[in-house]
Structures are given as C-alpha cells and as structure tokens.
Amino acid sequence: MTSTEKPLTGSVALVAGATRGAGRGIAVALGAAGATVYCSGRSSRGHRSDYDRPETVEQTAELVDAAGGTGIACVTDHLDPAQVRALVRRVDEERGRLDVLVNDIGGEHYVDFGKPLWEYDLDRGLALLRAGLETHLVTSAVALGLLTRRPGGLVVEVTDGTTAFNTPRFRETVFMDVTKHAVNRLAWAQGHELERVGGTAVAVTPGWLRSEMMLDVFGVREENWLEATTRPKTDGPDPADFAVSESPAMIGRAVAALAADPGRARWNRASVTSYQLAEHYGTTDADGSRPDAWRYIEEVREKGLPADVTGYR
C-alpha cells in the first residue's frame, strides 16, 4: 500500500491473542492499513505458554512492521486483570487513544472432541471456557474506557460459527458450544452499550482456518497446503474438504476493511463470517480467492455429498 492507501494511519489497535492464527492475520492486516498495533499474548521468545507452540508476539509485531504498520509486542495473560490494566495503561500513556479492540483468544487447545460433559476433564473444560470467553470479558471491561473516549471505536469478537449457524447445531462439546455461543452474544451485548457512545461491536468467525496449528495437523506449510487435499481420508478432518480452507489473511483483510469503513456502525451487533465481510468490502484471501466455508459445510459436508469446493472459493 502507498501512504494514500493506508486508511488506518494514525489509528491504534489492540489485538488480544495476536500470537498466531486469526489474531496474527488481523494484526498484520491492520498494520498493512497503517495502524499501530499492540500485539498481545502469552507466548514470547523468552517463554512458551501451555500451548507449547513456537509462535511469539514478537514475531507478530515484526510482521506488522514488515506490512507497513507499527507493531508493538506485549506479553500479557488476559485472564489476569492486573496485566490487562497495565497493558491498557501503556496504550493510553504511549498513544492516548484506542480505536480498535480485537478479542481473539479462543482456547481451542483445550477442546476434547467427542467427550461428553460427564467424561470431560473439568479443569480442561473450564480452561476452555475461561480462555475463550473470560479473557474477552476481562479485556473489554478494562479497555473500553479508553476506546470509548472517542466516538467510532470498534470491538471485534472473534469466535467459531455465527449465531445463525450455531443456534440450531451442537458445536462439538458442551464447553465449546457454550463458549462460542457466548462470544457471539457478548458482541451483541457490547453493541447495545457501545451504540450509545458511537461505538460498534461485531462478532466475526473465520471459516476453516489454516492456522499454524491446523497446518501442523495436516503436516504441510502455507506454501504447499494444497498437497494435503489430495491425500486419502483417514481418522480426523477430510483432506478433500480442506480445499475450502482459508489463510489468516482472509479474516485479517476483512476486519481491516471493516475498521476503515466510516459506516461500520451498520454492522453493530452483527454476527458474520469472514466471507460475508470480504464479499461486502471486496477483499480476498492471500491467493485472490474468497472461500465460503460455512456455506460449504451446510450444502456439502452436512448433506454427505462428495467433497467438491467448486463454487465455494
């Protein structure tokens, strides 16, 4: 982008859960649009979180810089209100404003697929609920005071599945079902309160995300991910369905376009997919495609039809 193509120049964003996945994609895209992005998470070069993954907040901040923005790495546990207060205080002291808050911490690491509630390890289930919901509540409760100093602030709640998709379906386990439903509701509730002060809250779900963790599941890298789609099906996700997946750039670009839209209040309290935002704003995934994974799930996977992503990306 040239300087005239950076609509978020001067804007300040905080992305909670920017270490990897959708959070990293959103942070980088906000940076590419000119924003200063505080990239927070628990994994740093000096310490890995219990996810035990190699991605760090420092790497994300460097990617934001490389994209043309200003990335600031902030090691923060968003379950600790004191740490979140310190982070928001730093943003206030250094920038004096907050324009975009993204709550992306998901807790998928704690999902035990197929385990009924009475067999689920309670500590593990509660860890999912706390990581996927409590972190969002803590961060918003602390950060919205700064964000609402100016009208026009945007809160993006990243979840898994829209309200319309999740409501008639059981989402894998009780803990995941409750957590992801609640994040959609949290965006809706925040939207009611923010509307009075000129703010906007939106819940956004990626489709089948090619996160670093998902790429590892298939044993591929982003550069050669399509190779996984031709493998025979075994236990676990169908490699043929993986062809409808999207990179973190898809949701990142869509959220950046939303943040740059002076009419973004039209989305207040909405629960939408990365595809819906991308279609509206004309953004795409990194390869120029626009995958519509949720429609594919409804029209192909749930109906037991042969995997075929034609017309879905």
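Given Leu98, Leu128, which one is surrounded by 17 or more Cβ atoms within 10 Å (Cβ to Cβ), in a helix (DSSP H, G or I) and either small (Gly, Ala, Ser) or at pLDDT 95 or above (or both)?
On the way: Leu98 fails: in a helix (DSSP H, G or I).
Of Leu98, Leu128, the one residue that is surrounded by 17 or more Cβ atoms within 10 Å (Cβ to Cβ), in a helix (DSSP H, G or I) and either small (Gly, Ala, Ser) or at pLDDT 95 or above (or both) is Leu128.
Determine, yes or no, whether Thr163 is in contact with a strand residue (DSSP E or B) (Cβ under 6 Å, 6 or more places away or on another chain), within 14 Å of Ala270 (Cα to Cα) and crowded, with 22+ Cβ neighbours inside 10 Å. First the steps, then the outcome.
Details: in contact with a strand residue (DSSP E or B) (Cβ under 6 Å, 6 or more places away or on another chain): yes; within 14 Å of Ala270 (Cα to Cα): yes; crowded, with 22+ Cβ neighbours inside 10 Å: no.
Criteria not met by Thr163.
How many residues does the range 251-277 contain that are among the polar types (S, T, N, Q) and part of a helix (DSSP H, G or I)? I'd like the intermediate steps shown before the answer.
As a first pass, look at the range 251-277 and keep what is among the polar types (S, T, N, Q): 268, 271, 273-274, 276.
Subsequent filtering for residues that are part of a helix (DSSP H, G or I) retains 274, 276.
Final tally of qualifying residues: 2.
Just to check your reading of the model, which residue among Val272, Val255, Val309 is crowded, with 19+ Cβ neighbours inside 10 Å and modelled with pLDDT under 95? Walk me through how you get there before you give the answer.
On the way: Val272 fails: modelled with pLDDT under 95; Val255 fails: modelled with pLDDT under 95.
Exactly one residue qualifies, and that residue is Val309.
Could you go through the range 15-32 and let me know if any residue there is basic (Lys, Arg), in contact (Cβ under 8 Å) with a residue 40 or more places away in the chain, buried (at least 24 other Cβ atoms within 10 Å of the Cβ) and closer than 22 Å to Leu154 by Cα. Spell out how you get there, then give the answer.
To start, the set of residues in the range 15-32 that are basic (Lys, Arg) comprises 20, 24.
After this cut, where a residue has to be in contact (Cβ under 8 Å) with a residue 40 or more places away in the chain as well, the list is 20, 24.
Then keep just the ones that are buried (at least 24 other Cβ atoms within 10 Å of the Cβ); that gives 24.
Right, trim to closer than 22 Å to Leu154 by Cα and you get 24.
Checking the range 15-32: at least one residue is basic (Lys, Arg), in contact (Cβ under 8 Å) with a residue 40 or more places away in the chain, buried (at least 24 other Cβ atoms within 10 Å of the Cβ) and closer than 22 Å to Leu154 by Cα.
Count, please, the residues in the range 44-85 that happen to be of a type in the set (Val, Ile, Thr) and over 23 Å from Val138 (Cα atoms). Working first, answer last.
Of the range 44-85, the ones of a type in the set (Val, Ile, Thr) are 56-57, 60, 64, 70, 72, 75-76, 84.
Now restrict to residues that are over 23 Å from Val138 (Cα atoms): 64, 70.
Residues in the range 44-85 being of a type in the set (Val, Ile, Thr) and over 23 Å from Val138 (Cα atoms): 2 in total.
Residue-wise test of (1) farther than 23 Å from Glu279 by Cβ; (2) among the acidic types (Asp, Glu); (3) in a helix (DSSP H, G or I).
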| site | (1), (2), (3) |
| --- | --- |
| Gly152 | yes, no, no |
| Asp160 | no, yes, no |
| Phe175 | yes, no, yes |
| Lys180 | no, no, yes |
| Ala203 | no, no, no |
| Val220 | yes, no, no |
| Trp225 | no, no, yes |
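Criterion first (in contact with a helix residue (DSSP H, G or I) (Cβ under 6 Å, 6 or more places away or on another chain), crowded, with 23+ Cβ neighbours inside 10 Å, of a type outside the set (Gly, Ala, Ser) and modelled with pLDDT of 95 or more) does Val158 satisfy it? Even if it seems obvious, please write down each step before you answer.
On the way: in contact with a helix residue (DSSP H, G or I) (Cβ under 6 Å, 6 or more places away or on another chain): yes; crowded, with 23+ Cβ neighbours inside 10 Å: yes; of a type outside the set (Gly, Ala, Ser): yes; modelled with pLDDT of 95 or more: yes.
So Val158 passes the test.
The values are calculated or read from the model by the stated rules, or taken from the named source; none is laboratory data. Keep in mind it's a predicted model, so treat the numbers as computed, not measured. A quick note on method: Cβ atoms are made from the backbone with ideal geometry, for glycine too, and the neighbour counts reach across all protein chains shown.
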